[in-house]
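Before any comments, here is the structure.
The values are calculated or read from the model by the stated rules, or taken from the named source; none is laboratory data. These figures come from a predicted structure and were not determined experimentally. Cβ sites come from the backbone with ideal geometry, for glycine too, and all protein chains shown count toward neighbours.
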Amino acid sequence: MKTLILAGGSGTRLFPISREKYPKQFLKIFDAESLFQKTLKRARHFSSDDEIYIITNQDQKFLARDQAEESGCACHILTEPASKNTLPALYYGLQAIAHDHGPSTVAVLPSDHLVQDTSAYGDAFRSAEDLAQDYLVVFGITPVFPHTGFGYICPGDAVKNGYLVKKFVEKPDYDTAVRYIQEGYLWNSGMFLFTTDMFFEECRKHAPGIADAFAHPPSDAFREVPGISIDYGLMEKTDRSAVVPLRVPWDDLGNFDAIYSVFEKNGNNNAVVGEYIGIESSRNLVISNRLVTTIGVDDFVIIETDDVILVAPRDRAQEVKKIVNVLKAKNDERVVLHTTVHRPWGSYTRLEDGQFYTIKRLSVPPKKRLSLQLHHHRSEHWVVVTGTAKVTVDGKEFFLRKGESTFVPIGSVHRLENPGLFALEIIEVQIGEYITEDDILRFDDDYGRLEQ
């Protein structure tokens, strides 16, 4: 069995802990692993590393690469030329799998869901392999309460280890959700199992525009295809769908109230990541890097990051999208990036911004280097905090060690590299009339960014 993991996303529903370029699947707020890494671990129950494919977008491909490497998983990473929802992404990924391995049975896993990794999980996928030779299989979760934020599946006649799908239904109101549970409906988990041949055949029948587009190179196909989900574009149209019950705890963690529901609670039913003192306060979700204190506060979400604080009643936590929309309308980059920004060569953290200067902390892992580049509008001062830096400025190479510094004038061609075995950290002070990330001209880059 091969595995295709969907790892894109916009990062808006859990703002401010997630951002457009750092969506929830890469956050490590549950334990030492991200949801993405947990998904990789589950995939390895039935696929070898060479049989696992990740599909993500340009902004997140290096996050996926780094977290896969951190997990010791040498999998394949595919990059969408454009984000067009799940059906085009799946077609692209399954094409790659079929090209590398021939006709295959493929498990499709979202990377941003919390799934309890029990023996029942792997057993459900393995038991569904036979069914997947004849049907497009979707896994359904037995509802534990009438949730109005999930799609539902109505099972029909029994077939092999599952049921034919009678119909898919969208997110219901509360009373309808109660009736669905009474009638045996299942939550739509967004996890699938099918063969590449059947998927392509059903796409040719029900989504011919997608199939025709992918007769061309992916860069052309993604320009032509509309943004469309697998549910709407294929599963709701095909008469060859089946559902297999997946009896494991599951949640798509679509808002902060869902995060609260899965976190461990203290004596006052507060769910806390960080340090919190709550006086006569209960049932709150608190996520912060510093001490948070409350008096007489109940049922609230309190989220603190380096640059944004969110305070809202838990039952209105899903309305955080309204804040995101306000920031987008102002072209505020805080909706896109954290103060710590991950790059293919490492990361930087903005420490202070002024009218004509920016101070950053750069972290470069061993054997990584930035591009050979110049800036038209700013100079840079570098001070080494830890590690050893190999520096190139206008063709001259030299080394800097802890406590040493150098100056990079405006217009100088330069590069920073970590030749050592330990992380390199430097403090960078940028000074100029125009200090933005687009003031960069690359001459050589290990990560294929010369066109940017």
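What to note about this one:
- Qualifying residue in the stretch 425-442 (condition: in contact with a Pro (Cβ under 9 Å, 6 or more places away or on another chain) and not assigned by TED's automatic domain parsing to the domain that holds Gln58): no
- Complete set of residues in the stretch 322-333 that are surrounded by 17 or more Cβ atoms within 10 Å (Cβ to Cβ) and under 29 Å from Leu416 (Cβ atoms): none
- Scope the stretch 300-321; condition at pLDDT below 95 and surrounded by fewer than 18 Cβ atoms within 10 Å (Cβ to Cβ); matching residues: Asp306, Asp307, Asp315, Arg316, Gln318, Glu319, Lys321
- Residue count for the stretch 258-303 under the criterion of being touching an Asp or Glu at 6+ places or on another chain (Cβ under 6 Å) and among the charged types (D, E, K, R): the result is 1.
- Where a residue in the stretch 322-336 is basic (Lys, Arg) and its partner, wherever it lies, is surrounded by 11 or more Cβ atoms within 10 Å (Cβ to Cβ) and in a helix (DSSP H, G or I), with Cβ under 8 Å and at least six apart: Lys328/Val335; Arg334/Leu327
- Residue satisfying condition, being out of contact with any Phe, Trp or Tyr (no Cβ under 8 Å at 6 or more places or on another chain) and small (Gly, Ala, Ser), within set Ser347, Ser371, Ser363: Ser347
- Matching residues in the stretch 66-90 - criterion: being charged (D, E, K, R) and more than 14 Å from Leu4 (Cβ to Cβ): Asp66, Glu69, Glu70, Lys84
- Flag if Ile181 is more than 26 Å from Leu87 (Cβ to Cβ) and assigned by TED's automatic domain parsing to the domain that holds Gly233: yes
- Considering residues of the stretch 15-40 that are of a type in the set (D, E, K, R) and in contact with a Ser or Thr (Cβ under 7 Å, 6 or more places away or on another chain) only, the residue surrounded by the most Cβ atoms within 10 Å (Cβ to Cβ): Lys24
- When residues of the stretch 158-168 are limited to those that are closer than 16 Å to Ala132 by Cα and in contact with a strand residue (DSSP E or B) (Cβ under 7 Å, 6 or more places away or on another chain), the one surrounded by the most Cβ atoms within 10 Å (Cβ to Cβ): Val165
- Candidate set from the stretch 410-449 (those that are surrounded by 14 or more Cβ atoms within 10 Å (Cβ to Cβ) and charged (D, E, K, R)); member that is nearest to Val393 (Cα to Cα): Arg415
- Failed item, numbered, when Arg44 is tested on (1) touching a Ser or Thr at 6+ places or on another chain (Cβ under 8 Å); (2) surrounded by fewer than 24 Cβ atoms within 10 Å (Cβ to Cβ); (3) touching a residue at least 24 places away in the same chain (Cβ under 8 Å): (1)
- Strands (runs of 3 or more DSSP E) wholly inside the stretch 219-324 containing at least 2 residues that are out of contact with any Ser or Thr (no Cβ under 6 Å at 6 or more places or on another chain) and under 30 Å from Gly156 (Cβ atoms): 241-246
- Residue match in the stretch 294-301 (condition: within 24 Å of Asp252 (Cβ to Cβ) and of a type outside the set (Asp, Glu)): yes
- Listed here are the strands (runs of 3 or more DSSP E) enclosed by the stretch 96-211 that have at least 3 residues being closer than 30 Å to Tyr22 by Cβ and in contact (Cβ under 8 Å) with a residue 60 or more places away in the chain: 105-110, 136-141, 186-195.
- Test for Lys171: is it among the charged types (D, E, K, R), surrounded by fewer than 17 Cβ atoms within 10 Å (Cβ to Cβ), within 29 Å of the chain's Cα centre (by Cα) and closer than 30 Å to Ala213 by Cβ: yes
- Single unsatisfied condition, Ser119 versus (1) loosely packed, with under 14 Cβ neighbours inside 10 Å; (2) under 19 Å from Tyr53 (Cα atoms); (3) among the hydroxyl-bearing types (Ser, Thr, Tyr): (2)
- Residues of the stretch 12-28 that are farther than 15 Å from Leu310 by Cα and either assigned to a loop (DSSP other than H, G, I, E, B) or of a type in the set (S, T, N, Q) (or both): Glu20, Lys21, Pro23, Gln25, Leu27, Lys28.
- With respect to the conditions (1) buried (at least 20 other Cβ atoms within 10 Å of the Cβ); (2) under 19 Å from Phe214 (Cβ atoms); (3) at pLDDT below 95, Ala82 lacks only one, and its number is (1).
- Residue in the stretch 234-248 that is buried (at least 22 other Cβ atoms within 10 Å of the Cβ), polar (S, T, N, Q) and in contact with a helix residue (DSSP H, G or I) (Cβ under 7 Å, 6 or more places away or on another chain) present: yes
- Residue check for Lys402: surrounded by fewer than 16 Cβ atoms within 10 Å (Cβ to Cβ) and either assigned to a loop (DSSP other than H, G, I, E, B) or not polar (S, T, N, Q) (or both): yes
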